[in-house]
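Heads up: the structure comes next, in structure tokens.
The values are calculated or read from the model by the stated rules, or taken from the named source; none is laboratory data. The structure displayed is predicted, hence computed values, not measured ones. Quick reminder, even Gly has a Cβ in these numbers, built from the backbone with ideal geometry, and neighbours come from all protein chains shown. Note: areas computed on protein heavy atoms with side chains; ligands, DNA, RNA excluded. Shrake-Rupley method; radii C 1.70, N 1.55, O 1.52, S 1.80 Å.
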Amino acid sequence: MLVLQVALGGIAAAQAQEPTAPTERPLTYREVLQAAIAGNGDLAVTEIARDRAEAQVLGANGLFDPLLQASVGLDRSRSQGFLNGFPYDSRRRAWQSDVTLSGVLGTGTDWSVSSGLSRNQSTFVTRDLGGDATRETDAFVAYTGVSLTQQLLEGVRFRYNVQNVTLARQALDAAGLSVEKQRQDTLYAAAEAYWTWSYQIQLHTIALDAVAVAEEALRVGNLQVERGQLAPVEATRLEAALVQARSDALDARNAAEQAANVVLLALGEDPGEPIAPATEAGDVPDTTDIEADKAVAVALEQNLDLALARQQVETAGTVLDNAKHALLPSLAATLDAGVASQRCPNDATDCSGGNALDAISGLLSDENQPYVSVGGLLSVPLGNRAARGARDVAAADVALRDRQLQDTERLVAAAVEEQVRTLQSARQRMELADANVRLAEETLRAEEALAAAGRTIQKNVLEARTEVARTRAEAAKARTDTRLAQARLLALQGQLSAEQ
């Protein structure tokens, strides 16, 4: 008896010394899901990865951006030497400007258009037996031309030439799917944390109710002992039951605080803040009519793990298709065509006084200087082991991705079927638990009535009270399990939302 009194006093003192709890902030299920989406670090990382993939698509398309190049050059030189045994002195001053616009096309075509204008001024002095001879040149030269190179074997396919863009876009699609998958994972983790927390809070409430009942039972039992209506040993049982109830309440409070911290961490907040669940599990809708086949069909269509696996199969197929095309040799046909114009207003032996505008307009005159060049280049790698090896690696990747997709489909289908069974079982357990609560409460009332009439011992009453607490806990667990099973099924189907 003394030991029990000391234990009761110690637990009661510990509870009395607890500071007044600050006001708890109520949190609804929807608020927790929305806050988890807004503050989840892993989700933020996947969103950054998606933005990066989008930037890579932009960069891949840059391959087909035209390139504009402009150059200007100035040349001044002087040379001396002997020509046919006689000394000469040559001086040259020249400048040149060029503009070129070039690019590549998805058809395997390299193209360029260029234009230029130059001026060449030179003085050539020779000394021979007849005296010094001076020849001066001042000429403007203009030109414009087009160059085309067309691939006829490897590189002739549009899909092959835009493979970097295609792969970048597929990577962007995969990054978007990863964001959605992480969103579903985040929502389910928040749902799991919330309903676990709600369950622990209910356990704590049940434990506190048990303490209140045990305290009242002990008070009444002590009065009955004083009046001689109850044996002292029965009061001892009541005291032991109160000690156990308070110990259970402390454990339940600690578990509830730990569950609350998990919720706060899921929200990106510091643990320790007083919060309270504002959404009850309530009456769960009947789920016994859910058809597993239909649920599996929805999951196979919308499950994000499957969507990612299919995306990987598509990407591997693109790589294999391009690797097969790369087995071809390279055959490039080239065409260079253009026209030039030189203006020397004086005679051919003394070209001086040239005019830049005359040179430019001369490109369209009958005296221009057209040119055309056509050629081809064939490149055949002997053995072609690099291309064949790349093809075989790509083929192996396709086989691997196909197998992974098949395995994922089976896993998702099995998980959905199991989840449907779990959901239906949870619903049935909930109905059974509610019936057990009603039975336990009726049994307790009967035992209390018998005890009041002196026709049973307190041990039976205590066992009945314990059974009421147990069945209430089972009922709470069945409801939160049902909510969790619903959330898990929706996550497997890619349909879990923060608005639920």
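Values for this structure:
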read-out	value
Pairwise centroid distance, computed over Cα atoms, of the stretch 366-403 with the stretch 157-185, Å	25 Å
Surface/4 of the Cα convex hull for the chain, nm²	44.2 nm²
Charge dipole (debye, nearest 20) of the chain; +1 at Cβ of Lys and Arg, -1 at Cβ of Asp and Glu	1000 debye
Å² of accessible area per residue within the chain, as computed with a 1.4 Å probe and no ligands counted	56 Å²
Net charge over other residues, Cβ less than 13 angstrom from the Cβ of residue 321 (K, R count +1; D, E count -1)	+2
Top positive-direction residue, dipole computed over the chain with Cβ charges, set 53, 121, 212	121
Stretchable slack from residue 76 to residue 208, in nm (0.36 nm times residue separation minus alpha-carbon distance)	37.4 nm
Helical segments meeting 27 Å axial Cα length and Kyte-Doolittle 0.0 threshold in the chain (DSSP H)	232-266
Alpha-carbon centroid distance for the pair the stretch 254-271 / the stretch 104-120, whole angstrom	66 Å
Residue 270-residue 463 FRET efficiency (beta carbon distance; Förster radius 45 Å; 0.05 resolution)	0.55
Kirkwood Rh (inverse of mean 1/r, distinct Cα pairs), the stretch 199-239, angstrom	11.0 Å
Nitroxide proxy distance, nm - points 7 Å out along Cα→Cβ at residue 135 and residue 231	14.2 nm
Charge dipole (the stretch 57-115, unit charges on Cβ, about Cα centre) - positive-most of 103, 85, 70	85
Net dipole in debye of the stretch 92-141 [+1 Lys, Arg Cβ; -1 Asp, Glu Cβ; about Cα centre; nearest 20]	120 debye
Spin-label model distance (nm) - residue 122 vs residue 63, 7 Å beyond Cα toward Cβ	4.5 nm
Principal axis dimensions, largest first and in whole angstrom, of the stretch 174-331 by Cα	113, 41, 26
Approximate shape of the stretch 233-315 as ellipsoid semi-axes (Cα gyration tensor, √5λ), whole Å, largest first	46, 22, 13
Net length gained if the chain between residue 372 and residue 302 were fully extended (0.36 nm per residue, minus Cα distance)	19.3 nm
Extension gain from residue 294 to residue 54, taking 0.36 nm per residue of separation minus the Cα-Cα distance	82.9 nm
Apportionment of accessible area to carbon and sulfur, the chain, percent (1.4 Å)	55 percent
